[in-house]
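Below is one structure; the comments refer to it alone.
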Amino acid sequence: MLRRSLLLGAGALAACGAGASKPSPQTLAPLKDAASFPLGLAAMTGQFDDGGWTQVARTHFDRITPEWEMKMEAILLEDGGLDFSRSDQLVARARQMGLGVFGHALIWYAQGGPSFEALADRPAEFRRAYRGYIARVMGRYRGQVTGWDVVNEPIRDDGSGLRDCLWSRALGQDGYIIEAFEAAREADPDVPLFLNDYNLESNPAKRRSFLTLAERLLRAGAPLSGLGTQTHIDCDLPDGAIRQTVRELAALGLPVHVSEIDVSTDAGDPARQPRLFAEAVEAMGDLPPAQRFGVTVWGARDRDSWLRRGGEHNPLSPDRPLLFDDDGRPKPAAQAFAAALRA
Ligand code: G3I
């Protein structure tokens, strides 16, 4: 958790794209051709100018999730205005490469802005601005995205309940979440609307809180239509934890998205990384087809990982959390991922 908060706090270093690497020989058949569900990867605009990255992205994946360009930090201006230049650019680059886009993330405890803070004690105006933000962002990309993370990371890290945040203080604990999903459904009647969180595999209390929140939302009639488990895990995660988590989320009957998987080699035995990636594929494949929203890897090559930017990072033993190495060559994890897709 320390690493994650350091990385988030450090705000990542400037986007990659510096020093485009040479494309590497692909000795792996396209992953997406073997998959019975969509395969995604995290992307940032600068990466579309890096031949090594585009070769991996276009060969193996169906869609991208923007690492930051569709979040408030990239769109919401200090005065409450909206700047879509970054998100438009990313969506355009993805479309040029024939990649779908998964919208991430509309409402997140980690981001906000002075224009909302200024309304914190005026609930009616806050609500209007809140629903207006969702409506305008979703309206702009209506018909261009395969789904949205409507609310990201609502559960406290210790699993004891919902986080307090700017949104909950203004609109109430379940209230801000229900309002977000209602506003999202008004903005787009068709697109799948996800609730997304992390450490559900490693923290049963957090998983239980996430599931009881989802059940409460459904009982309240919120148009929740998908559940995302980010799956930012370490190599020391016990076998079966991913499968158990996906199975428990799927028990609510909604599509499930393994939405941000990476398997950090900073903790545990790196030799377990292939098995953990394979387990995510097996868990998704075990679901009824209608519930297989897909598996999204949080980066293409190890060098593209957020875990390699900012925060604590050992240059002598860099983290190798993804399927392809720094030069875009498939690692044993990619081979195991492919074998599980074919199984
Ligand atoms: O590269 C730009 C630079 O051009 C710009 O001038 C500068 C202005 O702030 O920002 C730079 O972008 C940074 C971006 O990462 C690319 O490096 C942003 O500052 C920085 O905030 C952003 O961090 C992202 C972080 O979420 C916060 O949005 C990470 O890339 C991204 O991997 C991380 O992803 C999160 C998921 O959304 C939710 N789950 C956890 C996951 C990891 O923390």
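The values are calculated or read from the model by the stated rules, or taken from the named source; none is laboratory data. Since we're looking at a predicted model, the values are computed, not measured. Quick reminder, even Gly has a Cβ in these numbers, built from the backbone with ideal geometry, and neighbours come from all protein chains shown. Please note that ligands, DNA and RNA were not included when accessible areas were found on the heavy atoms of the full protein model with its side chains. Shrake-Rupley method; radii C 1.70, N 1.55, O 1.52, S 1.80 Å.
Centre-to-centre separation between the Cα atoms of segment 289-343 and those of segment 91-163: 26 Å. With the highest mean first, a sort of the peptides 68-76, 258-266, 170-178, 213-221 on other beta-carbon atoms found within 10 angstrom per residue produces 258-266, 68-76, 170-178, 213-221. The listed peptides 99-110, 291-302, ordered by packing as a protection proxy, come out as 291-302, 99-110 (highest mean of other Cβ atoms within 10 Å first). I'd like the FRET efficiency for N314 and A124, computed as 1/(1 + (r/R0)^6) with the beta carbon distance as r and R0 of 45 Å, rounded to 0.05. With R0 = 45 Å, the Cβ-Cβ based efficiency is 0.35. Taking every protein chain into account, the accessible area of segment 154-248 amounts to 35 square angstrom per residue (probe 1.4 Å). Is the C-alpha gyration tensor of the chain telling us rounded, prolate or oblate? Criteria: a/c under 1.5 is rounded; beyond that, a/b larger than b/c is prolate, otherwise oblate. Note, shape of the chain comes out prolate.
Considering only P289, P192, P38, give the residue with the highest GNM mean-square fluctuation for the chain, with springs between Cα atoms whenever their separation is below 10 Å. Among P289, P192, P38, the largest mean-square fluctuation in the Gaussian network model of the chain belongs to P289. Note on the chain: Lys pairs 8 or more places apart or on different chains, Cα atoms under 26 Å apart, count 4. Here the chain has 52 percent of its accessible surface on carbon and sulfur atoms, given a 1.4 Å probe and all protein chains in place.
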